[in-house]
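Everything below concerns the one structure shown next.
The values are calculated or read from the model by the stated rules, or taken from the named source; none is laboratory data. Predicted, not measured: the structure shown is a model, and the values here were computed from it. Every residue, glycine among them, receives a Cβ derived from its backbone with ideal geometry; neighbour counts consider all protein chains shown. We work out accessible area using only protein heavy atoms, side chains counted, and drop any ligands, DNA or RNA first. Shrake-Rupley method; radii C 1.70, N 1.55, O 1.52, S 1.80 Å.
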Amino acid sequence: AEAGSGRASGAGPGGAGSGARMIHPTAIVHETAQLGEDTAVWQGAHVRGGVVTGRHVSIGGGAEIGIGCRLGDRVRVSFGVFLPNHTVVENDVFLGPRMVACDDRYPRTNNPQYRAEPPIFRRGCSVGAGAVILPGIEVGEDALVGAGAVVTRDVPAGAVVVGNPARVLVREEVG
């Protein structure tokens, strides 16, 4: 589909192996966004300029994908997720409903010392509903962040973290 056209290209709605891209009529997709095959952008989502997605990606209703974000293959961005500019989301990542990622350690209007620190979500990680990921955090490969967790430190590969602040509950070998 033409970015922001509100029309699906091809016969299928995306995600069904058709190669189509589906953009809901109420979604906003910037003309410079590059959506991979079988990508769906649902109602009210906003995909900003320079975003690149892989194949078989679902961007849920009300989600905002910031400028220059990179989403890998088979990524699921659930309803109401916020990803700040230049966030990296590798393959096979699940981001639960209303998960929020931050990139500003000292958020203030017109802050001359603002320095963006977007998070990184490594391959196969999952982040539960309502989790908050603070600036500069790396969620490791195959890690799991529990619902409602506030992640203040990097999450090791294979770890399960829960709570506020998030603490390691279990750590498994990856690979």
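Anything in segment 155-175 that is open to solvent by 50 Å² or more (accessible area, probe 1.4 Å) and assigned to a strand (DSSP E or B)? List them, or say none.
Residues satisfying the conditions are 162, 167, 168, 169, 170, 171.
Check 152, 109 and return the single one that is among the hydroxyl-bearing types (Ser, Thr, Tyr), open to solvent by 50 Å² or more (accessible area, probe 1.4 Å), in contact with a Pro (Cβ under 7 Å, 6 or more places away or on another chain) and more than 20 Å from residue 46 (Cα to Cα).
Of the residues listed, the single one that is among the hydroxyl-bearing types (Ser, Thr, Tyr), open to solvent by 50 Å² or more (accessible area, probe 1.4 Å), in contact with a Pro (Cβ under 7 Å, 6 or more places away or on another chain) and more than 20 Å from residue 46 (Cα to Cα) is 152.
Would you confirm, using the coordinates I've provided, whether residue 90 is open to solvent by 40 Å² or more (accessible area, probe 1.4 Å), free of Cβ contacts under 8 Å to residues at least 60 places away in the same chain and on the phi < 0 side of the Ramachandran plot?
Taking the combined requirement at face value, the residue satisfies it.
Looking at (1) modelled with pLDDT under 95; (2) under 23 Å from residue 127 (Cα atoms), which is the only condition residue 67 fails?
It is condition (1) that residue 67 fails.
Between a residue in segment 157-175 that is more than 14 Å from residue 127 (Cα to Cα) and any residue that is in a loop (DSSP other than H, G, I, E, B) and open to solvent by 50 Å² or more (accessible area, probe 1.4 Å), which pairs come within a Cβ distance under 6 Å, given they are 6 or more apart or on different chains?
165/152; 174/141; 174/142
Run down 130, 96 and say which single residue is under 23 Å from residue 158 (Cα atoms), under 14 Å from the mean Cα position of the chain (by Cα) and surrounded by fewer than 17 Cβ atoms within 10 Å (Cβ to Cβ).
130
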